[in-house]
Each structure stands twice: as structure tokens, then as C-alpha cells.
Amino acid sequence: MTLTGPGPLAPRQAAAVPAAPGCAGMPPLGDGPLSADVVLRARWLDVLLGDPLRPTGPHARTASAAAREAVAPSGALGAVLPGPADVRRLGADGVVRVLRPLFRRGLGLGHAWAVRPLSGALAGAEAGGTGTELGALLGPAALVGAAGGALHTTARLVDRLAARAPGAGRWWQPVLAADFADLLACESLTAVALRAADLTGGGTPALTAAAGYVVPQLVGQVLDDLELVLNEAGFGPDCAGRRVIAELAADRGASGADPAAAADGRARLIRALPSLAGPAGGAGRAGQGHEHLASRELFRLGRTGTARTGTRVGALSAADVAAALPAAAARLAERTDDDPALAALVRVARRLASEQRTLRLPYPAAGHTGPADPVARALADRQALLLLAAAVLGVGQEAEGFLGRPHWALLALTRVTRRLGAPLPEPFLDPAGDVWAELAGRTRKGVDCDVYGSELLWAGTEAGTGAGAGTAEAGRRRGGGGT
């Protein structure tokens with residue numbers, strides 16, 4: 001996948017595009033690559049939504065609570081919002097990618113206009129058997145998109161502060177780099193779960209539950225970090241960045257992406273634990289049969305998938321995703337690149353594969369355990385993190401550009417290892433500087449924080465409005481003796 005480079009609507013050109021409230025509708029989709037249709041649909045939605053930093057209007061980031069609760073719009077904007085037929089045609093992961101411009105403008109708005117009506121329609125029609133799975137995944141997917149917008153804004157402000165006062169942001173850069181790696185990991189897991197729902201036609205309950213459990217937790221930590229960074233950088237509670245974060249936090253409960261939703265995800269994962277472990281090591285055995293499929297289709301984000309052809313693979317399970325962890329560790333070890341980051345990634349991947357092997361034990365039937373069982377909760381915690389690590393390695397193996405290099409995966413897996421309480425293998429290498437360089441570069445070029453490296457249509461307007469005002473505010477606070 002290409003992560004940089006101008007497209008048909010480069011950021012500086014796109015900034016001049018009007019909101020186009022009177023557009024007759026979206027240009028017709030062609031017969032070309034499916035991924036091109038997804039990009040076109042997302043950009044057209046971004047055009048119709050207009051400038052995200054307009055001071056008023058229901059499409060702005062500062063949309064009122066009443067607007068966020070409004071029903072989905074009609075007309076051109078309503079026509080471009082995906083429906084159940086689009087899930088069948090574009091795939092679930094393609095629909096989420098189309099909706100990212102809406103999610104960036106606000107979690108509540110995205111839930112009211114897309115997630116809630118789409119989940120309801122899919123639950124009734126089942127969209128080929130994936131309705132239940134998608135209902136549990138679109139909340140976390142929307143949360144990742146909204147948090148990505150908040151990270152982009154915060155990173156741009158920190159980068160500009162560092163340019164004005166060298167060294168001013170060096171303490172916050174590693175924090176934001178780690179948040180970037182966490183969001184890429186969360187999006188990888190969510191996108192893989194969505195693709196699994198497309199491929200199987202019936203979904204993979206353990207994978208869906210793991211995403212519903214771990215994504216709200218990690219994104220919540222990211223939002224706490226962003227709030228702390230902006231506060232320490234001297235931005236008051238009335239600055240645009242902190243208002244966006246506060247609004248996002250307030251919307252999490254109604255959007256199915258809060259701690260209560262995470263607890264529900266853990267309960268569902270506990271019930272699905274037997275599918276991840278068995279007397280002979282379920283993950284290893286299942287992975288042997290479908291490793292090629294899992295690596296070439298499940299993890300190939302942003303490329304033409306199976307939605308258009310209707311291909312289904314009924315045997316695919318969360319165990320196949322888990323198998324990507326040891327398989328990727330073995331493939332990485334075979335590479336001859338003279339790269340210290342790659343060598344460090346191999347060491348961490350092997351450590352996590354060892355952790356995964358300790359969990360391949362016979363597990364009691366789901367009816368004998370439950371969310372109140374501390375052993376079951378601990379096992380679910382570890383399985384969710386290891387599935388996250390497997391998704392990171394699987395996506396990295398199939399990616400190009402920045403995602404195909406080892407630095408972000410090393411940082412994400414380092415954080416997984418620490419969350420598991422496992423020791424990091426020596427010698428340790430910190431990739432935060434390389435990950436920060438990518439994040440800062442994206443903010444300067446108008447590129448999103450997503451796994452696809454999507455161009456931001458309104459990047460020029462956004463940088464000239466919100467960031468400039470925020471930087472001036474921080475400078476005034478410093479001049480007045482603030483932090």
C-alpha cells in the first residue's frame with residue numbers, strides 16, 4: 001500500500017474545494033480496483049462534509065450535542081453514506097474506510113449518522129451473515145478514526161511548538177509516537193476483524209470480542225495522553241484540541257466504545273476462549289491449514305479483497321489470526337536485512353510467541369466459567385493483547401512503505417510486551433524517534449494517522465486555522481509565566 005504521494009486531490013488543491021452543498025451526487029463508481037472506489041467514496045464524503053474546523057454547522061468538529069444526535073442527512077450527503085449494499089460490495093473494512101472522514105469530525109456524529117443506522121440495518125438483513133459481527137466492530141472502528149483526528153491535531157501543535165522553540169516538544173514526542181503506534185495497532189486489529197467477517201460470512205466471535213475489548217482500553221489511554229500533552233504544552237481547556245478530546249470522551253458511552261463496552265467485549269471473549277486453545281494447541285493447528293490465506297488476504301489492508309467476488313472461507317477463525325504471531329516471527333528471522341530495528345522486532349516477536357505458547361492449554365467449557373472468574377479474565381486479557389500483536393505483525397508483513405518497515409511494529413509490540421508484564425529481550429532498541437518522524441511528517445504533508453496514509457482533503461485549511469490559533473495561545477501562556 002502506498003502511504004505517501006499526491007493523489008487526484010492533493011491537500012493544497014483540495015483545500016480550495018467548496019463544501020458543495022448543492023452537488024447532484026457522487027460521481028459513478030467504475031469497474032476499476034475496489035480500493036480506488038473506496039478512496040473516491042471517502043473523498044467525496046469529505047467534500048460534502050466541508051471544512052471540519054468551521055466555527056458553526058453540524059459537520060464541524062465542534063458540533064453541538066443536538067446535531068450529533070440528529071438522524072442521518074438526506075440529499076447528496078445522505079446518498080454517499082454507506083448502506084448494507086455497500087458492505088456487500090466494498091467489504092466491511094472498505095465501508096469503515098469510506099466513513100473515516102465522518103469519524104474524524106466527531107465520534108457522536110459518526111455514531112448518529114452512520115454506525116447506529118448501519119448497524120440496525122445489518123442486524124435485520126444480516127448482510128450475508130456478518131450483521132452481528134459488524135454491530136460489535138463499528139463502535140471501536142469509529143473510535144479509532146476519531147482518536148486519529150485528535151492525535152493528528154495534537155502532533156501538529158507539538159511539532160510547531162518545537163519549530164518555534166527548539167527542544168520545547170522533545171518530552172512529548174516519544175509519548176505521541178507511542179500513541180501513534182497504539183492507534184495503528186488498534187486499527188490493524190479492527191480492520192482484520194472486519195475482513196474476517198467478510199471472508200467467513202459468519203464472523204469470528206473471539207476476534208470481534210478481542211477488538212471490542214482491547215481497542216476502547218488502548219484508545220482511552222491515548223486520549224488521556226493527548227489531554228496531558230496539550231495541558232503540559234500550555235493549551236487551556238478552551239483550545240480547539242482539548243475541546244475535541246473532551247467531546248470525544250463524552251461521546252464514548254453512547255457510541256459503544258467506553259469501558260462498559262470493553263467489559264462486554266471481555267465477557268464475549270471469555271465465552272470464545274475455547275476457540276483459541278485446546279489440548280493440542282488450537283491456534284497452532286488451525287493456523288497450519290490457512291496460514292497462506294490469512295497472510296495474503298486477511299492482512300492485506302487497502303487492497304482489492306473478496307467482497308466483490310463474494311468468496312467465503314468458512315473455516316477461518318481467530319486461531320488463524322493468532323497463528324500469524326509465530327509465523328511472522330519465523331519469516332522475519334529469515335530476512336537478511338542489516339537493520340537493528342528488524343533484529344529487535346524479531347526478538348520481541350519471538351518473546352510474544354513464547355507467551356502465546358503458554359496459553360495453548362485445555363480450557364474448561366465456556367459454561368463453567370464467566371466474567372467473574374479471575375482466571376478467565378486474566379486469560380482473556382492476555383489473549384486479546386496477543387491477538388493485537390498478531391494483527392500488527394500480519395499487517396506489517398503485507399504492507400509497503402512505512403507500515404512495511406519494522407519501527408512502528410516494534411514500538412507497538414514493545415508496548416504489548418510491557419502490558420503483559422513480560423521482560424523485553426536485550427539488546428533493547430527504542431524506535432520512538434523514527435515513529436515520531438513519520439507522524440510529524442504526516443502532519444506537515446496533510447496525511448492522516450491511519451494505516452492507509454490517507455490524504456486529508458482539508459489539511460491546508462485545518463493547519464491554517466486550528467493549529468495557528470493554538471500555537472499562538474501556547475506562546476501567550478508561556479510569555480505570561482505559564483507551563
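Could I have the simple spin-label model distance between T336 and A250, label points 7 Å from Cα toward Cβ, reported in nm to one decimal?
Calculated label separation equals 6.0 nm.
Among R104, R268, what's the order by accessible area (1.4 angstrom probe), most exposed first?
Descending order: R268, R104.
Step by step: find N for the range 136-182, compute 2.2 N^0.38 Å, then divide the Cα radius of gyration by it. What's the final number?
It is 1.38.
How big is the shadow of the Cα convex hull of the range 85-230, averaged over all directions, in nm²?
Computing the convex hull of the Cα atoms and averaging its projections yields 8.4 nm².
Under the rule of at least 5 residues apart or a separate chain, name every residue whose amide H is placed under 5 Å from the amide H of V447.
Amide H neighbours of V447: L456.
Report, largest value first, the span of the C-alpha coordinates of the range 192-239 along each principal axis, in whole Å.
49, 15, 13
The values are calculated or read from the model by the stated rules, or taken from the named source; none is laboratory data. As the structure is a prediction and not an experimental result, all values here were calculated from the model. All Cβ positions, even for glycine, are placed from backbone atoms using ideal geometry, and neighbour counts span all protein chains on display. What goes into the accessible areas is simple: the full protein's heavy atoms, side chains included, and nothing from ligands, DNA or RNA. Shrake-Rupley method; radii C 1.70, N 1.55, O 1.52, S 1.80 Å.
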